[in-house]
Amino acid sequence: MTGTSRTAFSFFVALRYFFSGKSAAAVNVIAFISVMGIALVALAMVAVLSVFNGFEVFTDSQLSALSPEYVIEKKDGSVFSASEVSLPGAAPVLKGEAVASYESNSQPIELIGVDSTYLSAVSIRPAVFEGNWDLGSPEAPGAVIGIGVAANLGTGAGYVEPLVLTLPKRLGRISPVMPQRGFLSKELFVGGVFRVDQKEDRTLGYISIQTLRDLLLYDGDEVSFLALPPHLALNPEKIAASLPEGFVLKDKRAQYPEIYRVLNVEKWVSVLLLLFVLLLSLFSVVSTLGMLIIEKREDSAVLAVLGARPGTIDNIVVLEAWLLSVTGVLIGVPLGILLVLAQDAYGWLKLGGGSGAGSFLLDAYPVDLRLGDIALVVVVILLIGWLSSRIAYLLFKGSKK
């Protein structure tokens, strides 16, 4: 017999043994427990990977409200002159921090200085639900603030009293005698209030980029980054290659690395925990294989008399144990796929157990089923199952004799 024929023969005999009744009821029970354990782990891995994929997709959708698809900035994150990057149509953006006050209320606020070209890079206008996107004029500057900021300060679009922004002078020192001279203040009228159901609602305010430059004592065209509108972001590789030394083009994920880093860490830690559970489940394979070797000693002797080589007989035993992993995968993976599809269609598994209605942006766990994840689950479980079968066989090999 050729090597292929011997392998096919071993698999055929192992398959017959696998589906035949065992003489000892304990073997059937342990084999059933092994299969169910592997199936549950396979189901859980498909579900967990799909849930984290769903959160990733949801995060992408949430970031798109206020984040440009691509930005150009210095590698060290410092402020630079917009004229250093020759890219007509890119929207200049300057960032700063201040304390916003209205009457007796105040809170820290992150300022985003923009001009009219910013609306071509970020579709924030639909998020303005009170007032208009109105940043005023040089003589009467305005601001568009998040709904959380407006609620904390007790102000809103069209209010008579102005919003006051106060921030320390970027240049010079604070005098211990007259410390108030170390700060700059500016009155602005709230032209609009936006809402995107993100933390930016509670921390962000937009003002004219020239107003922010004046407050930060910049006298040029300084920016924190350049936001690319969609028509400029069609060929990011070409733009990245044309940038001067020291500049970098960042997509949305690169702009928020900490968010995706946390998601990825949680995702793969969960997978590792499930793999640990899988290894525990495969301990029952060791017990099953040991009992199978003892039970099939007479059959092994008959096969040896009929001319089967020792390696062929060994493969029969190992393959029969490995079929436990195969069966677990064939049961668990389809059930996991059905579970994910049901969650996607009906959203029956709620966030917070359904008790916190309105507390979350999502009512149910999001899912995103990916073929690559399914293939990963199948390959990993079958590989670990095969290795555990070989190790278990080596442990019990002496009991054949």
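The values are calculated or read from the model by the stated rules, or taken from the named source; none is laboratory data. Here the structure is a predicted model, which is why all the values come from computation and not from measurement. Backbone-built Cβ (ideal geometry, glycine too); neighbour counts: all protein chains shown. Protein only, heavy atoms only, side chains kept; ligands, DNA and RNA dropped before computing areas. Shrake-Rupley method; radii C 1.70, N 1.55, O 1.52, S 1.80 Å.
If residue 304 passes every condition in (1) modelled with pLDDT of 55 or more; (2) open to solvent by 20 Å² or more (accessible area, probe 1.4 Å) but one, which one does it miss? Result: residue 304 fails condition (1) only. Among the residues here, residue 100 does not qualify as aliphatic (A, V, I, L, M) and open to solvent by 10 Å² or more (accessible area, probe 1.4 Å). Among the residues of this structure, residue 202 does not count as one that is touching a helix residue (DSSP H, G or I) at 6+ places or on another chain (Cβ under 8 Å), of a type in the set (D, E, K, R) and without any contact (Cβ under 8 Å) to a residue 40 or more places away in the chain. Would you mind stating whether residue 281 is assigned to a helix (DSSP H, G or I) and under 23 Å from residue 58 (Cα atoms)? It is false that residue 281 is assigned to a helix (DSSP H, G or I) and under 23 Å from residue 58 (Cα atoms). Is the range 36-47 home to any residue that is modelled with pLDDT of 85 or more, touching a helix residue (DSSP H, G or I) at 6+ places or on another chain (Cβ under 8 Å), in a strand (DSSP E or B) and over 28 Å from residue 260 (Cβ atoms)? Scanning the range 36-47, I find no residue that is modelled with pLDDT of 85 or more, touching a helix residue (DSSP H, G or I) at 6+ places or on another chain (Cβ under 8 Å), in a strand (DSSP E or B) and over 28 Å from residue 260 (Cβ atoms), so the answer is no. Would you check if residue 292 is open to solvent by 90 Å² or more (accessible area, probe 1.4 Å), among the aliphatic types (A, V, I, L, M), at pLDDT below 85 and over 19 Å from residue 383 (Cβ atoms)? No. The combined condition, being at pLDDT 75 or above, in contact with a helix residue (DSSP H, G or I) (Cβ under 7 Å, 6 or more places away or on another chain) and farther than 28 Å from residue 34 by Cβ, is not fulfilled by residue 346. Pairs meeting the criteria (first residue in the range 214-234 and modelled with pLDDT of 90 or more and among the hydrophobic types (A, V, I, L, M, F, W, C), second residue in a loop (DSSP other than H, G, I, E, B) and open to solvent by 30 Å² or more (accessible area, probe 1.4 Å), beta carbons under 6 Å, at least 6 apart or on different chains) are 216/170; 217/170; 217/171.
If you go through the range 48-81 and keep only what is small (Gly, Ala, Ser) and at pLDDT 90 or above, you end up with 50, 78, 81. The one condition from (1) touching a residue at least 24 places away in the same chain (Cβ under 8 Å); (2) out of contact with any Pro (no Cβ under 9 Å at 6 or more places or on another chain); (3) of a type in the set (S, T, N, Q) that residue 242 does not meet is (1).
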